[in-house]
Amino acid sequence: MVRRVAVVGAGVSGLAAIKCCLEEGLEPTCFERSENVGGLWCYTDQAEEGRASIYHTVFTNSCKEMMCYPDFPFPDDHPNYMHNTRLQCYICKYAKHFDLLRHIQFKTLVTKVKKCPDFSVTGQWEVVTQRDGKEEREVFDAVMVCSGHHVYPNFPIADFPGIQKFKGCYFHSREYKEPEKFRGKKVLVIGLGNSGSDIAVELSTVASQVYLSSRSGSWVMSRVWDNGYPWDMLIITRFKTWLENILPRALSDWLYVRGMNRFFKHENFGLMPLDKTSRKEPVFNDDLPGRIACGVVVMKPNVKEFRDRSILFQDGTVQDDVDVVVFATGYRYSYPFMEDDSIIKSRENQVTLYKGILPPQLEKPTMSVIGLIQSLGPIIPTADLQCRWAIKVFQGRTDSAFTELKGKNNNIKKNLFSSIPERYGNSTTLQTDYITYMDELASAIGAKPNMLKLLLTDPRLALEVIFGPCTPYQYRLVGPGKWSGARKAILTQWDRTLR
């Protein structure tokens, strides 16, 4: 029986893991290398080795009603989108409210996680940690890896010929903190993701010129949608997901492209994605189109070659006198504490996980990886539901499909992650449809609301659940972890949004 659980990392996923363990009567011990909770959202003035790093002006891309822990709404007076410092305060309040801090060992680095010699029988793990120069070894019945995927930068300078000759400075976006030191400079930002577009927009207020290079383009969305409401409260609904799944693919794609182009035509701004029907995560930036229209940000294709002070792009254009290059080229998965790295990672640095959570080749399902899923939805409620599902698997109470899969070992790629619809394309990240994925996990543990039953017993709530935003509270209405305040939270969510 699983009793003692090791949790690696005290970010938003790690805190969810601790709380869900406690709800099920387990004994979690969380190891956090820093001195605070929050992980990615705990801002520091300098990027630190082995820790996620954000810049000073990071705001959330999901609104407060969609991204909260499902039984801990944000206070009424919080804005819909928050600065990182305000979100960090909320995370700290969550940890204190549920008394999670006493289960966390701060300033403790996990150096090794390896199977015990009798793993095939017990499913136990040996966890080696370091604190104040002292090494400790403990045995746990299960491990929840909550270390995130914004720690180890993907810095592909080998893919850029001539970079060694470049006389300007260049660095990865994780090193970027604030714009002032770039005043009057010519800056090239490589990568049209959320970080790249944010940094390009911010630098355009002080730099003499900013160029933004994109290899494949991207859809750019505003946080503020129809009638000024948050985008995700209007788009992420059960009804729209159901409609998308039943419509013919061609019609669904046409509607998707039309919706993405509703505020401005991406093609005219040099932003159109090469695969325009792919549902990969869009960029959220309210200011980028305006910055391009004003000429202070100039879109460029991929870099072909670096020269002394100039840069040749794939379309043959050359930009002279570039002072600074920021590589906003994302992050790679790395688990340096895993003795056997192949347990989580497969070939070509890709991650292969059943339901995006369980390493499939383990003899006993006693390890979970939380928070790697990327969808058009918020990470906090996703991590919370992943933890609840994983703990039920640890306890042997759900998902016989995993056992069957282990037995058959057939068509592993098809079965491993059944929630990825074809429209999400091929990606090194685990991308999926938010509601479909959440419902799949919730159904397995008895936490998905029954729509027919709701319509008969509580029609007002049912209509809000079906046609309103799929807020996290929906997954605490019923089943294990049920929260008595969930119904009220759903019926008052628009009031808090307007407030």
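The values are calculated or read from the model by the stated rules, or taken from the named source; none is laboratory data. In this text the structure is predicted, and so the values were computed from the model without any measurement. Positions of Cβ are generated from backbone atoms using ideal geometry, with glycine treated the same way; all protein chains shown enter the neighbour counts. Heavy atoms of the whole protein, side chains included, go into the accessibility calculation; ligands, DNA and RNA do not. Shrake-Rupley method; radii C 1.70, N 1.55, O 1.52, S 1.80 Å.
Quick notes
- Principal axis dimensions, the stretch 239-290 - Cα atoms, whole angstrom, descending: 36, 20, 18
- Packing-based ranking, highest mean first, of 359-370, 13-24 given that Cβ atoms within 10 Å are counted: 13-24, 359-370
- Of the two radii for the stretch 140-217, the radius of gyration is 1.09 times the Kirkwood radius, both from the alpha carbons; that is the Rg over Rh value.
- Residues of the stretch 316-335 with an amide N closer than 16 Å to a point placed 7 Å from the Cα of Val206 along the Cα-to-Cβ direction: 323-326.
- Number of Lys-Lys pairs in the stretch 106-249 with C-alpha atoms under 16 Å apart and a separation of 8 or more places or on different chains: 4.
- Placing dummy labels 7 Å off each Cα toward the beta-carbon, the span from Met451 to Gln130 is 5.2 nm.
- Carbon plus sulfur fraction of accessible area for the chain, probe 1.4 Å, in percent: 50 percent
- Cα gyration tensor shape of the stretch 254-372, rounded if a/c is under 1.5, else prolate or oblate by comparing a/b with b/c: oblate
- At a Cβ-Cβ separation cutoff of 4.7 angstrom, cysteine residues of the chain with no neighbouring cysteine are Cys21, Cys30, Cys42, Cys63, Cys68, Cys89, Cys92, Cys116, Cys146, Cys169, Cys294, Cys470.
- Per-residue ellipticity at 222 nm from helix content only, as computed over the chain with -39500 (n - 2.57) for each DSSP H run of at least four residues, stands at -8000 deg cm²/dmol.
- Compared with the direct C-alpha span, the chain from Lys276 to Thr497 gains 76.4 nm at full extension, assuming 0.36 nm per residue.
- Pairs of C-alpha atoms in the stretch 75-204 farther apart than 17 Å represent 76 percent of all such pairs.
- In summary, the convex hull built on the alpha carbon positions of the stretch 443-499 has an orientation-averaged projected area of 3.9 nm².
- Hits among aspartates and glutamates - C-alpha to C-alpha of Lys482 under 14 Å, sequence gap 8 or more where chains match: Glu23, Glu24, Asp71, Asp384
- Sequence-distant contacts, meaning Cα pairs under 8 Å at least 6 residues apart, place the relative contact order of the stretch 17-82 at 20 percent.
- A 1.4 Å probe run over the protein chains yields, for the chain, 44 Å² of accessible area per residue, whole-number rounding.
- Note on the chain: with charges restricted to the Cβ of Lys and Arg (+1) and Asp and Glu (-1), its dipole about the Cα centre is near 540 debye.
- Projected label distance in nm at Asp226 and Trp242, using a 7 Å step from Cα toward the beta-carbon: 1.7 nm
- Taking a ≥ b ≥ c as the square roots of the eigenvalues of the Cα gyration tensor, the stretch 201-331 is classed as prolate, since a/c reaches at least 1.5 and a/b is larger than b/c.
- Applying the criteria of a DSSP loop state and at most 15 other Cβ atoms within 10 Å to the trypsin sites (Lys or Arg not before Pro) of the stretch 183-223 yields Arg183, Arg215.
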